[in-house]
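The next block holds one structure in the form of C-alpha cells; read it before the comments.
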Amino acid sequence: MLKWFVVAVVILAVALLWRRSTYANRNLPRVGAPAPPFSLPDQNGDIRSNATYRGKWLVLYFYPKDDTPGCIEQALRFRDSLAALGQLGAAVCGVSVDDSTSHAAFARKYQLPFALLADRGGDTAARYGSLRNLGFIKLAKRNTFLIDPAGNIAKVRLGVSPSQNADDVASDLKTLKLRSGS
C-alpha cells in the first residue's frame with residue numbers, strides 16, 4: 001500500500017512540474033516586438049548575439065536535446081534547406097541547453113553548417129517562452145522564431161514538427177518578404 005502511495009505522489013509531483021513548465025509560454029515575445037536579447041557561445045565557442053544577425057532575417061529555433069531522433073530530423077531539414085533560406089536572406093541558429101562540446105559533436109556528426117547556441121542556464125529559452133523547467137532538468141521546447149532584419153519578432157511557431165519546421169519557415173519567410181516588399 002505504501003509503495004502505491006509513493007508512486008502516486010511521484011506521478012503527481014511530475015505532473016505538477018510539467019504543468020508549471022507550460023506557464024513559460026506567458027513569456028513569449030509578441031510579433032512586432034523587439035526580439036529578446038541573447039549572447040551565447042556556439043559549437044566553436046564563438047559568441048553569437050542579436051547584433052550578429054542584424055540586417056538579415058534570423059531563424060532562431062529551440063530544440064530539446066542534441067543527437068535525439070526529433071532533434072536530428074529537425075537539424076537535418078534545416079541543413080538541407082539552408083541554401084534556399086540563405087537565398088531568402090535568412091541565417092539559421094539552433095538553441096538548446098546542451099553545452100558547446102555537445103553541440104560541436106552534433107554539428108560534426110551531421111555536417112550542420114549553422115550555429116548551434118549553448119544556452120546552459122536556459123535563460124535565453126526562458127526569455128523566449130521556450131524553457132521546460134522540471135526542477136531537476138531543463139529542456140528547450142521545440143519553438144521557432146523568425147526575426148526580421150530590424151531585430152523584431154516577425155513570426156512565432158510553437159510546438160513545431162521536426163519534419164515540417166524548415167519548410168514552414170521558408171513559406172513564412174516568402175510570405176513576410178512579399179508583404180514587406182523586400
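What follows is calculated from the coordinates using simple rules that are stated; it is not laboratory data. Nothing here was measured: the structure is a model prediction, and the numbers come from that model. Quick reminder, even Gly has a Cβ in these numbers, built from the backbone with ideal geometry, and neighbours come from all protein chains shown.
Among residues of the stretch 50-79 that are within 19 Å of R157 (Cβ to Cβ), those with a Cβ under 7 angstrom from a residue that is of a type in the set (K, R), sequence gap 6+ or separate chain, pair up as F62/K141; F62/R142; Y63/R142; P64/R142; C71/K65.
At least 1 residues being in contact with a helix residue (DSSP H, G or I) (Cβ under 9 Å, 6 or more places away or on another chain) and under 16 Å from D172 (Cβ atoms) is the threshold, and among the helices (runs of 4 or more DSSP H) wholly inside the stretch 65-158 those reaching it are 69-87. When we screen D167, D123, D148 for residues that are surrounded by fewer than 16 Cβ atoms within 10 Å (Cβ to Cβ), under 19 Å from A84 (Cα atoms) and among the acidic types (D, E), the only hit is D167. Using the structure shown, decide if L158 is in contact (Cβ under 8 Å) with a residue 12 or more places away in the chain, within 12 Å of the chain's Cα centre (by Cα) and surrounded by fewer than 17 Cβ atoms within 10 Å (Cβ to Cβ). When the stated conditions are applied, L158 passes them.
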